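The values are calculated or read from the model by the stated rules, or taken from the named source; none is laboratory data. Just so it is clear, the structure is predicted and the values come from calculations on it, not from any experiment. Using ideal geometry, Cβ is built from the backbone for each residue, glycine included, and neighbour counts are taken over all protein chains shown. Areas reflect the complete protein model, heavy atoms only, side chains present, ligands, DNA and RNA absent. Shrake-Rupley method; radii C 1.70, N 1.55, O 1.52, S 1.80 Å.
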Amino acid sequence: MKKAKVRTTDELRSEYKRSDFGALVRGKYAQRLAEATNVVVLDPSVAKAFPNDRAVNDALRGLLQQRRASARRRPVTRPARRRVRS
């Protein structure tokens, strides 16, 4: 025995009115979505170096650790230059 097909219509039910829903705004949440996502597209040549997303994250974490370590080191101070009087 076959199941009866459910027909869908694009019309609202009789108890709903279009005016109850307010104005339609295209892209209402586009800005919020763009701020919430964090997608980066790699160049194909760079992507070949990393087999998956974990490898990319590990490499970036390594760079951040190096950066923090170099920032902690004391800057090299150079002796002041002497002016040569002629």
Chain lengthening between ALA55 and ARG82 when straightened (0.36 nm per residue, less Cα-Cα): 4.7 nm
Label-point separation, SER70 to GLU35 (7 Å along Cα→Cβ), nm: 3.3
VAL41, VAL46, reordered so the largest accessible area comes first (probe 1.4 Å): VAL41, VAL46
Total formal charge among the other residues, if their Cβ is under 14 angstrom from that of ALA55, Lys/Arg +1 and Asp/Glu -1: +1
Expected 222 nm ellipticity per residue - DSSP helices of 4 or more, -39500 (n - 2.57), all of the chain, to 500: -10500 deg cm²/dmol
Cα-derived Rg to Rh of the chain, Kirkwood definition: 1.42
